[in-house]
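Shown next, in structure tokens, is the structure this report addresses.
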Amino acid sequence: MKLLLTGDIHLGRASSGLGQASPRIDGTAASAWQRIVDLAIRHRVAAVVVSGDLVDAGNRYFEASTPLERGVRRLSEGQIEVIAVTGNHDHRTTSDLFARLAAKGLMVRVLGGGRKWQAHEIERGDERLRLVGWSFGSEVERTDPLETLAESLLRGSAAPTIGVVHGDLDNPSSRYAPLSRRRLQGTPLSGWLLGHIHARQLDTTAGVPWILYPGSPQALDPGEPGDHGVWLVEIDGERIGQPSFVPLSTVLYASLDLAVDGVSDVDGMRVAADRGLHEVASELPECVKAVVVDGALTGASDAWSSAREVCAELLRGDPLLGPGVEIIVRKMLDRVGPCLPLESLAEGSGIASALARAVRALERPVDLPVPAEFAPLVEKIMAQVRARPLHGQVRVGEEFRPLQLTEADARPMAATAARRLLGAMLRDSGHLVVTSNAQGVVR
């Protein structure tokens, strides 16, 4: 017996950031739902299990109704159940829609209504599987649902069991059913299917139930990078296997640094950026039809002053055609500075040497702390960068809006600003006589 596991489908929504490509790329959750149905029928699964937020919100009722019924009808014709719990977005909507579909004789079921844990068994021939689920009763649920999960329900059957619940793992202050990993792993279940987090996560710690956030099957937002899809799991007698991922999303969001180190002119910078963009589109799942890029030109180059021009061209140009996909540049930051001999500069004394050491500190990986001796200077530079919020533009639909820097962007931008400042100081003082792709010569 097989199950298809999914969640956070958000019927009524569509992938954002497609810009001019949106008429050509079907990024709707409704289309993703039909692909889920196709996959379930192809693999002859016993049930499609949804871990909440099947529908985006109450006001998406009418947008969700027709595609949901069309898919459920096809699944019911194949004797495939659709079993769901509700989440914070669909705590009323999915129950209402499923009640209407059940009245038409279709195979749908909401588990755990009224905030009460509920069990349901699936039988296919000699094989049995048990689901135990809990549903949101309102938009906000501040307590851990497992506090009310009775031991008798956990051990009420000899069939292998999967728990299904929508909630926020390892976040005790969450407004959305805070879940304890320790509690989940302490149950005698085979696995847990969770909802709420749109990025896929699978914890297969040995000796305890696996814990799966399937992620949204269609990538919906630039904050959801990487592959998106659904999961298949196989039941063999009393054993439930580990879930396996199947990519499904037509859109992939990518954060990308395009390195232009050593480039000597603006044409070389264009070539390097184009090569980097096409590389990210060269090894993608077949389902992906569009890659939306939030990127940055990075590195040290003698052509650094042209980087802003190249960023503008990338941002305002038409989507690029990759190998079978469209590449849409939604955001592009200019983080290119001049080539400088930082090592030799940092060994001296004076303002230029102090600034060279600060540049080196800022250019360390963001997960490494800045050395204490440079912290005051680095913080002053960071403050100046934060005070200048307009460092570029971002594409929103057909519009271009001012780009507000996130904290994650601020430090790399501060490093670039400091490198440029140091280059200007050396140039204006006549100390920087020659630059090349690798070194500057200082006297």
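What is the range 74-211's relative contact order, in percent, from Cα pairs under 8 angstrom and six or more apart in sequence?
Here the relative contact order equals 19 percent.
At 7 Å along Cα-to-Cβ for each site, give me the label-to-label distance between Glu373 and Ser157 in nm.
Going from the Glu373 label point to the Ser157 one covers 6.7 nm.
Taking springs between alpha-carbon atoms closer than 10 angstrom, which of Pro67, Pro243, Pro365 fluctuates most in the Gaussian network model of the chain?
Top of the fluctuation ranking is Pro365.
Can you bin the range 32-130 into rounded, prolate or oblate? Criterion: square roots of the alpha carbon gyration tensor eigenvalues sorted a ≥ b ≥ c, rounded for a/c under 1.5, prolate for a/b above b/c, oblate for the rest.
Since a/c reaches 1.5 but b/c is at least a/b, the shape of the range 32-130 is classed as oblate.
Once you place label points 7 Å from the Cα toward the Cβ at Glu77 and Asp428, how far apart are they in nm?
7.4 nm
Exposure proxy check: Arg70, Arg109 ranked by fewest other beta carbons within 10 Å?
Arg70, Arg109
In degrees between 0 and 90, to the nearest 10, how far off the longest principal axis of the chain does helix 307-316 point, with axes built from Cα atoms?
30 degrees
FRET efficiency for Leu321 and Leu202, Cβ-Cβ distance as r, R0 = 41 Å, nearest 0.05?
0.75
Sequence neighbours fewer than 8 away in the same chain don't count; with that in mind, list the aspartates and glutamates whose C-alpha is under 15 Å from Lys380.
Leaving aside aspartates and glutamates fewer than 8 places away in the same chain, those within reach of Lys380 are Glu407.
Report the residues of the range 146-166 in range of a label on Glu139: point 7 Å along Cα→C-beta, backbone N strictly under 14 Å from it.
none
Sequence-distant or interchain residues sharing an amide H contact under 5 Å with Leu169, placed H: which?
Hits under the 5 Å cutoff: Leu179.
Hey, if you drop one equal point scatterer on each alpha-carbon of the range 208-343 and run the Debye formula without solvent, what base-10 log of I(q)/I(0) do you get at q = 0.09, 0.10, 0.19 Å⁻¹?
-0.38, -0.44, -1.01
Over the Cα atoms of the range 2-247, compute the convex hull volume and normalise it per residue, giving Å³.
So the per-residue Cα hull volume is 122 Å³.
Quick one: what Rg and Dmax do you get for the range 1-58 from the alpha carbons, in Å?
Spelled out, the Cα radius of gyration and Dmax of the range 1-58 are 13.2, 43 Å.
Give me the number: length gained by fully extending Ala103 to Arg181, i.e. 0.36 nm times residue separation minus the C-alpha to C-alpha distance, one decimal in nm.
Using 0.36 nm per residue and subtracting the Cα-Cα distance, I get 24.3 nm.
Please report Trp210, Trp33 as a ranked list, fewest other C-beta atoms within 10 angstrom at the top and most at the bottom.
Trp210, Trp33
Expressed as an acute angle from 0 to 90° and rounded to the nearest 10, what is the orientation of the C-alpha long axis of helix 351-362 relative to the principal long axis of the chain?
Compared with the principal axis, the helix lies near 20 degrees.
For each of Leu258, Leu153, count neighbouring Cβ atoms within 10 Å of the residue's Cβ, then give the residues from fewest to most.
Least crowded to most crowded, the residues run Leu153, Leu258.
How many nm separate the modelled label positions at Glu69 and Val366, each set 7 Å beyond the Cα in the direction of the Cβ?
4.7 nm
Given the DSSP H assignment, sum -39500 (n - 2.57) over each helix run of at least 4 residues in the chain and divide by its residue total; what's the result at 222 nm in deg cm²/dmol, nearest 500?
Calculated from helices alone, the mean residue ellipticity at 222 nm is -9000 deg cm²/dmol.
Straight-line reach from Lys289: which aspartates and glutamates have Cα under 14 Å away, leaving out those fewer than 8 places along the same chain?
Qualifying aspartates and glutamates at Cα under 14 Å: Asp26, Asp227, Glu326.
Rule-based calculations on the coordinates, nothing more; no lab input. Computed from a predicted structure; not experimentally measured. Glycine gets a Cβ as well: all are built from the backbone with ideal geometry, and neighbour counts include every protein chain shown.
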